[in-house]
Structures are given as structure tokens and as C-alpha cells.
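*Asks:* Here it is: the structure, laid out below.
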Amino acid sequence: MTALQPEADLTQQLAALDQLRERLPLTDPDRHALDVDADQRFAQLASDHPEACKPTSHHQRVALLLNAVISQGGEWTTRRVQRFYRAAGIPAPLRATARKDLHALHMQGHLVLHEEDAGRRFYTVNTRKA
């Protein structure tokens, strides 16, 4: 087994999950469970093989961000995401990229958007049980 093989296996598994989502009429909780399972498997794989699993796709980058948000907690802004990406060596430290990734996790139900203060927006981990 080579160092790159786990990434290839995960890519195949994620593709199979995408095909399953297209064929099955899943409810939102079921779809959420599939997303969480894929995100958790990639995050574990990335932490086990950091040299082989440099995030190259949006899905991989967002999975690493989700893992960081859950493990670190707190308020997540675009600036904090940019710092996380730089520290992780991810070549996507643009503000728009951070905003899109946070929005993707919010739309998947992982994060809660807070916009109470004018001009300030941040996300926190969604702790409500579905």
C-alpha cells in the first residue's frame, strides 16, 4: 500500500456516496448523516496521512475545516479560517474562499450563522440535535 492509496480509496468512496445521493430520495437527516460520515472519514485519513492528503479539492478542504471547527470550537470568521488555512499549508487563503467554505458548512447544518451585530458575521458549531 502506497502513501497515496488511502487518498485514492477515499476519493472512490466519496464518488460512490455522491452517486448514492443522486439515486436515492434521501431525507435531509439521512443526507446529513452521509455528509458527516464522509467528512469524518476524510478528516481521520488526513490526520493519519498528512503528507499524502494535502487538500486539493473544495470537499477535502471543507472537511479539514469542519474537523478544526469541531475540535477548536469558538467563533469562526473568514479571517480565522484564512489563518487556519495558512497554518495548515492549504494554498487557498483568499477571503472569498473562506466565506464560501463557512457558508457550505452552514448549509450542511454543521455551523450556525450569527449576524446580530451590524457589520460582524461569525459561525459557531451547531450543537442542536436534529
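The values are calculated or read from the model by the stated rules, or taken from the named source; none is laboratory data. Everything numeric in this text was worked out from a predicted model, so none of it was measured. Here the Cβ positions follow ideal geometry from the backbone for every residue, glycine too, while neighbour counts run over all protein chains shown. For the accessible areas, the whole protein counts, side chains as well, though only heavy atoms, and no ligand, DNA or RNA atoms are used. Shrake-Rupley method; radii C 1.70, N 1.55, O 1.52, S 1.80 Å.
*Asks:* Suppose the filter is touching a strand residue (DSSP E or B) at 6+ places or on another chain (Cβ under 6 Å) and open to solvent by less than 100 Å² (accessible area, probe 1.4 Å); does T97 pass it?
*Replies:* Answer is no for this residue.
*Asks:* Can you tell which of A43, A130 is modelled with pLDDT under 90 and buried (at least 17 other Cβ atoms within 10 Å of the Cβ)?
*Replies:* A43
*Asks:* A further question on this structure: As an exercise: evaluate A96 against (1) of a type in the set (A, V, I, L, M, F, W, C); (2) under 30 Å from Q12 (Cα atoms); (3) free of Cβ contacts under 8 Å to residues at least 12 places away in the same chain; (4) not in a helix (DSSP H, G or I) and give the number of the one condition it does not meet.
*Replies:* Unmet condition: (4).
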